[in-house]
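Bear in mind these aren't lab numbers, they're just calculated from the coordinates by the rules spelled out. Every value quoted in this text rests on a predicted model; they were computed, and no experiment measured them. As a convention, Cβ positions derive from the backbone with ideal geometry for all residues, glycine included, and neighbour counts pool all protein chains shown.
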Amino acid sequence: MLSALNRKLFRDLVAMRTQALAIAFVIAAGIAMFVAYLSNFASLERARDDYYRTQRFADVFANVPRAPDQLEARIRALPGVQDVETRVVAEVVLDVPGLDEPATGRLVSIPVTDRPRLNDLFLRRGTWISPGRSDEVLVSEAFADAHGFRPGDRVGAIINGRRRDLVMAGVVLSPEYVYGIKPGELVPDPKRYGILWMGHEALATAFEMDGAFNDVVLSLGQGAVPEAVVADLDRLLAPYGGRGAMVRALQPSNWMLNSELGQLQSFGFFIPLIFLLVAAFVLNIALTRALALQRPQLAALKALGYTNRELVWHYLKWGLVIALAGAIVGVAGGVWMGTAMLGMYQDYFTFPVLAYHLGGSVVLQALVIAVIAALAGAYASVRRAVAIAPAEAMQPEAPARYRPSAIEHALLAPWLGVTSRMLARNLQRQPIRALTTIVGIAMAGAILQVGFGMARSVEALIHSEFEVAERQNMTVTFVEPLAADARYALARLPGVLQVEPQRVVAVRLRAGHVQRTLALTGLPAIPGLKRPMDRHGRPVQPHGDGIVLSAILGNVLGVGPGDEVTVEVLEGRQSVRRVIVDGLVDDVLGTSAYMELPALRRLLRESDTLSGAALVIDTAHEAELTAALKQVPAVAGVASKRVMLGNFRQMMDENMGVMLTFNLLFAGIIAFGVVYNAARVSLSERSRELASLRVLGFTRAEISVILLGELAVLTVCALPLGALFGHWLTTMLVESIESEMFRFPAVFDLQAMATAALTVTVASMLSGLLVRRRLDRLDLVGVLKLRE
Amino acid sequence: MFEIQGLSKIYAMGEVEVHALRRVDLTLFERDLVVLLGPSGSGKSTLLNILGGLDVATHGTVRYRSQDLTAASEEALTAYRRHHVGFVFQFYNLIPSLTARENVALVTEIVERPMTPEEALGLVNLTPRLDHFPAQLSGGEQQRVAIARAIAKRPSVLLCDEPTGALDLATGVVVLEAIARVNAELGTTTIVITHNASIASMADVVIRLADGQVAETTRNTTKRQPRELEW
């Protein structure tokens, strides 16, 4: 049986349902985001942990040009090592049926009769490779799906200079390639990059690695310190040219997965925070007004002997009910959004099972933060209303004290009509309220601006990367560096208009204990087709023997201009050299290092070689050209700008598209919620006054000016503030998702700002119209008779 | 029942001080029906609010039975209102979102040994209107709901601030009859504020206030019934 007070609560809420709904929706939006992000975080984390555990994902990874099999026993004997798996790993060119350009394959050796002791594969379809069939391979699911391969299909591979036909016995997943990206690329391209697992003996024979390995992975026992094992392993591998092992945290696929998880977590905190803050603001305004209307009731309840605590609790429950309703809708919405988001991840991260998991703790946290937001919003107004002495509450609220407003004094006094004066004085009388509303509307604008701004940032990034920095429309890479005259051979191919030789070399940069493997690019003195830019559009220009690093790389390595880094070349003579950092470049994609071309050649101790070339081609001949390139054994890969841009856009569209839609929807909810509430509160406060004016002969249009004009003034004040908030927020968000992969240029974008402002204005006008309809139905006699 | 000594109340209204009560001395007895008369601004409501624990005095003491109300804390005053006092206001102050029965239940739910809401509403002859909302009741009916709400806790003292102020004669009489009945049948000490002198003849004691001071206290030798009153 509901107590009388709770019935009052219920009926009061029903009476203010539109406002309550508006607030509940703002809360729901924040909670939905929270649940969506954090449930995805939990789902991915759980899938990752399960996968890593069941497939025995290794803890330490190392490669070495060639080490004898006998070394394995010594590695196994290192303190802390639990298990060891030695392998042969090689990158090859693939000839994929139905694909015009060559693709890259990574061949990894596996035992034939047994399962790998570490990094075991998950067999999705088909069978394991059979003993005695040296042409059988297992293929990564992403690659198989991209081409529609089924077990039994064939793919060509150039292995050690000879083309061989490989039979795909099974389709598998590997914990090592959850994010299967080709080294040096930004976005997975499963059509052009496949991972193939081949019998150990067959692969070792093909690459003349009998009795030897070039890759080793370790698992560690409990309590082992990975860094210590890495140091021991480095010592063992060094005589064989080992270039340093890495811990699991730096393993590329795992690193990507973890950085995505980190991003989910920071989004899951950051965005809901804004929404709940706004909800608290709006609730505060709405409740303050509702409580003002409840003054006589409050007095009666006090006179009846209800204690302050009972009354505070009664009115706080208003906020709580709204918050819980919002939270429930939010959790449901969050589950729906979260499932959609997880589907998106399924395209990029390959897990045997990626099931949506909604943890009880996420739901509980959602409820708790919704309740905290509601209490934070409600408490001050409730406390203030209840603290009033009962005898005082009995009296109708004294006429508000007005003064001529500052604006009137300032300049406009003689021209302001009576209605405008009322408007100005109303605003001035409740500066806090006006400010809160302005801040609320500004937040909505800011959220919109972030959404639009992110989309624009992606465009800016695409523009700077694919149009300004890279003016070629095709890039060719060779299997091995070739002599200078290869450029002339390229120039003779069909459709090639311009050739710019490139020298890019895989290196490991080391500073102290930190290391990163990446591509070091040689730049010509006069920038040609490819001219890397910093994020302000200035070309990167290394000098002398120095090296220029991405700013984020400098950060990771802990070096700045003037410091030294060790450059270990990972091909050819494998020279190791200490180089001075010439400068840091604030670029946007990946991590890069640049040297002057002559300096790079001195470092490599070679003359006029090229590892690839940037081409300008006649797109009409693109198909013809890629077909021709596919026939050249020296060509390892062909990257068409069209394809790369397509991949990039597709990923961004899929990711950002979903985000942006939600963002727009939710910002719309906020804008509408804030403005509608502000308008309703004003209407409720002014209805007597406005009705009196109507009785005096004012027209509807005239009284609308007083009410809607106030709203318009607030909205106009909120727009610049929103732009400022939006800029801060974009900067903060961009910094929070900044990674070694992307650094979005946080552009102060006028178009995003204008679009956000326009959307807020429209939302504001819509709520104004809704309220205006109520104004038209104002019951003149009724309003005047009623005592507030 | 009430011992009032040197009671003063000063309100600060912006820059001006308003002396609502000036050194009032009074003694009120159990079971009496007291009428407080006086023009508006004479301090009637202030006195009533202080007696009811809704307001606190600036100077002087008010003792209810043996309790010093002027020294009581906010919590003690709340408990005093909750257990001993019933209020009836000029504008009824019903909760518009609750029915007559529920408005009374507001009180019966928080006190010990109350009447049932039905009993209380029966005492003011509102049994047929139990489930009506305030907006569906006439002014007199609303005021009778307020009286039912005030007496449902079986208060020791019933305070009525202009209970008929917003009502016409006939309705006012019905309300006054309800008040007189409560005073007679339950023995509740009752204090009624009015500026209508003709109501004074239904009282045991009539106190006239003027300018914040007691101008005159008279004890009626004969009480009239409300229906015999002339407006």
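P(r) for region B:96-231, please, calculated from all Cα pair distances in 10 Å bins and given in %.
Here the calculated profile for region B:96-231 is 12, 41, 33, 13, 1.
Assuming R0 = 35 Å, what is the FRET efficiency of A:ARG777 and B:ASP131, from their Cβ-Cβ distance, to the nearest 0.05?
Plugging the Cβ-Cβ distance into 1/(1 + (r/R0)^6) gives 0.75.
Where does region A:234-328 land on Rg(C-alpha)/(2.2 N^0.38 Å)? Before the final figure, lay out each step's value.
Details: Rg = 28.1 Å, N = 95, 2.2 N^0.38 = 12.4 Å.
Output field value: 2.26.
Can you give the charge dipole size of region A:594-753 about its Cα centre, rounded to the nearest 20 debye, using +1 on the beta carbon of Lys and Arg and -1 on the beta carbon of Asp and Glu? Mind showing how you got there, number by number?
Values: 13 positive and 16 negative charges, 72 e Å.
My answer is approximately 340 debye.
Based on the Cα coordinates of region B:121-189, what is the per residue volume of their convex hull in Å³? Write down the numbers at each step before the final one.
Values: hull volume 5.6 nm³, N = 69.
Taking the convex hull of the Cα positions in region B:121-189, it is 81 Å³ per residue.
Per residue of B:104-110, how many C-beta atoms from partner chains lie within 10 Å of its own C-beta, taken as a mean?
Details: counts 1, 5, 10, 5, 1, 4, 9.
Counting Cβ atoms of other protein chains within 10 Å of each residue's Cβ and averaging gives 5.
Averaged over all directions, how much area does the convex hull of the C-alpha atoms of the protein assembly as shown cover when projected, in nm²?
Details: hull surface 216.3 nm².
Orientation-averaged projected area of the Cα hull: 54.1 nm².
Quick check: Cα centre of region A:189-249 to Cα centre of region A:5-26, how many Å?
One Cα centre to the other: 64 Å.
5 Å is the cut-off here: which amide hydrogens, built 1.01 Å from N in the peptide plane, fall below it relative to A:ALA212, excluding neighbours closer than 5 in sequence?
Here the answer is A:ASP69, since their amide H atoms fall under 5 Å of that of A:ALA212.
Sorted by packing (mean other beta-carbon atoms within 10 Å per residue), highest first, where do A:79-85, B:144-150 land?
Details: A:79-85: 17.3, B:144-150: 28.3.
Top to bottom by mean Cβ count within 10 Å: B:144-150, A:79-85.
Principal axis lengths of region A:571-613 from Cα atoms, whole Å, largest first?
If we take the Cα atoms of region A:571-613, the spans are 30, 27, 17 Å.
Take the alpha carbon atoms of region A:369-393, find their center, do the same for region B:93-154, and report the distance between the two centers in whole angstrom.
28 Å
Please list, by residue number, every one of the trypsin sites (Lys or Arg not before Pro) in region A:126-180 that is coil in DSSP and has at most 13 other beta-carbon atoms within 10 Å.
On the way: sites: A:ARG133, A:ARG154, A:ARG162, A:ARG163, A:ARG164; in loops: A:ARG133.
Passing both the DSSP loop test and the Cβ count: A:ARG133.
For region A:606-730, what size does the Cα cloud have along each of its three principal axes, sorted from largest down, in whole Å?
Computed over the Cα atoms, the extents are 92, 33, 22 Å.
Could you list A:THR626, A:THR350, B:THR171, B:THR116 so that the one with the fewest beta carbons within 10 Å of its beta carbon is first and the one with the most is last?
Details: A:THR626 22, A:THR350 26, B:THR171 18, B:THR116 13.
So the ranking, lowest neighbour count to highest, is B:THR116, B:THR171, A:THR626, A:THR350.
Where does each of A:ILE27, A:ILE271, A:ILE388 land when they are ranked from fewest to most other beta-carbon atoms within 10 angstrom? Write down the numbers at each step before the final one.
Details: A:ILE27 35, A:ILE271 24, A:ILE388 16.
The order, fewest Cβ neighbours first, is A:ILE388, A:ILE271, A:ILE27.
GluC sites (Glu not before Pro), restricted to region B:166-231: which are DSSP loop and have at most 11 other Cβ atoms within 10 Å? Before the final figure, lay out the partial values.
Working: sites: B:GLU177, B:GLU185, B:GLU216, B:GLU228, B:GLU230; in loops: B:GLU230.
Answer by residue number: B:GLU230.
If you plug each phi of region B:189-202 into the Karplus form 6.51 cos²θ - 1.76 cosθ + 1.60 with θ = phi - 60°, what whole-Hz ³J(HN,Hα) values come out, in order, with x for Gly and Pro?
In residue order, the calculated couplings are 4, 10, 10, 10, 8, 7, 10, 9, 4, 5, 5, 4, 6, 8 Hz.
Between B:ASP25 and B:ARG65, what is the label-point separation in nm under the 7 Å Cα-to-beta-carbon projection?
Placing both labels 7 Å along Cα→Cβ, they lie 2.7 nm apart.
When you take every Cα atom in region A:1-111, what is the radius of gyration, and what is Dmax, the widest Cα pair distance, in Å?
Using the Cα atoms of region A:1-111, the pair Rg, Dmax is 29.7, 85 Å.
Hey, what's the Cα Rg ratio for region A:65-249 versus the globular rule of thumb, 2.2 N^0.38 Å?
That works out to 1.05 for region A:65-249.
Compute the long axis of helix A:252-293 from its Cα atoms, compare it with the longest principal axis of the Cα atoms of chain A, and write down the angle in degrees, 0 to 90, nearest 10.
Result, in degrees: 0.
If you take the charge dipole of the protein assembly as shown about its Cα centre, with +1 on Lys and Arg Cβ and -1 on Asp and Glu Cβ, which of B:PHE29, B:ILE151, A:GLY722 is farthest toward its positive end?
Result: B:PHE29.
Assign unit charges at the C-beta atoms only (+1 for Lys and Arg, -1 for Asp and Glu), then state the dipole size of region A:473-641 relative to its Cα centre in Debye, rounded to the nearest 20.
On the way: 18 positive and 18 negative charges, 42 e Å.
Dipole magnitude for region A:473-641 comes out near 200 debye.
So for A:ILE181, A:ILE617, A:ILE447, fewest C-beta neighbours within 10 Å to most, what's the order?
Numbers: A:ILE181 18, A:ILE617 22, A:ILE447 29.
Least to most surrounded, the residues fall as A:ILE181, A:ILE617, A:ILE447.
Rounding to the nearest 20 debye, state how big the charge dipole of the protein assembly as shown is about its Cα centre with +1 on each Lys and Arg Cβ and -1 on each Asp and Glu Cβ.
In total the dipole reaches around 2600 debye.
When averaged across all projection directions, what area in nm² does the alpha-carbon convex hull of region A:327-374 cover? Could the numbers behind the result be given before it?
Numbers: hull surface 15.0 nm².
Dividing the Cα hull surface by four gives the mean projection, 3.7 nm².
Can you count the Lys pairs in the protein assembly as shown whose Cα atoms are under 27 Å apart, with each pair 8 or more apart or on different chains?
Lysine pair count for the protein assembly as shown: 25.
Report the one residue of A:LEU367, A:HIS536, A:ALA15 whose Cα lies farthest in the direction of the positive end of the charge dipole of chain A (charges on C-beta: Lys and Arg +1, Asp and Glu -1; origin at the Cα centre).
A:ALA15
If one takes the longest principal axis of the Cα atoms in chain A, at what angle in degrees, from 0 to 90 and to the nearest 10, does the Cα axis of helix A:17-54 lie?
20 degrees
Post the alpha-carbon centroid distance, region B:197-225 to region B:1-57, in whole angstrom.
One Cα centre to the other: 15 Å.
Taking each residue of A:3-9 in turn, how many C-beta atoms of other protein chains fall within 10 Å of its C-beta, and what is the average?
Numbers: counts 5, 14, 7, 0, 7, 7, 1.
Counting Cβ atoms of other protein chains within 10 Å of each residue's Cβ and averaging gives 6.
Add -39500 (n - 2.57) for each DSSP H run of 4 or more in chain A, then divide by its residues: what number comes out at 222 nm, to the nearest 500 deg cm²/dmol?
Values: 21 runs with 406 residues, N = 788.
That comes out to -17500 deg cm²/dmol.
Given the alpha-carbon gyration tensor of region A:97-196, what are the semi-axes of its equivalent ellipsoid in whole angstrom, ordered largest first, with each equal to the square root of 5 times an eigenvalue? List each step's numbers first, then the result.
Details: eigenvalues 78, 57, 34 Å².
So the equivalent ellipsoid measures 20, 17, 13 Å along its semi-axes.
Given the C-alpha atoms of region A:473-641, compute the convex hull and give its volume per residue in Å³. The partial results should precede the final answer.
Numbers: hull volume 18.4 nm³, N = 169.
Looking at region A:473-641, the number lands at 109 Å³ per residue.
Would you please state the base-10 log of I(q)/I(0) at q = 0.12, 0.21, 0.23, 0.24 1/Å for region A:141-226, with intensities from the Debye formula using one equal scatterer on every alpha carbon?
-0.50, -1.21, -1.29, -1.32
Using 0.36 nm per residue of separation minus the Cα-Cα distance, give me the extension gain between A:GLN541 and A:ALA332 in nm, one decimal. Numbers along the way, then the final one.
Numbers: separation 209, 0.36 × 209 = 75.24 nm, distance 5.30 nm.
Extending this stretch completely gives an extra 69.9 nm.
For chain B, which semi-axes, largest first and in whole Å, follow from the square roots of 5 times the eigenvalues of its Cα gyration tensor? Let's see the in-between values first.
Numbers: eigenvalues 150, 85, 57 Å².
Three semi-axes, in Å: 27, 21, 17.
For region A:558-676, divide the Cα radius of gyration by the Kirkwood radius and give the resulting Rg/Rh value with two decimals. Walk me through the numbers on the way to the answer.
Working: Rg = 23.0 Å, Rh = 19.8 Å.
Taking Rh as the inverse mean 1/r over Cα pairs, Rg/Rh reads 1.16.
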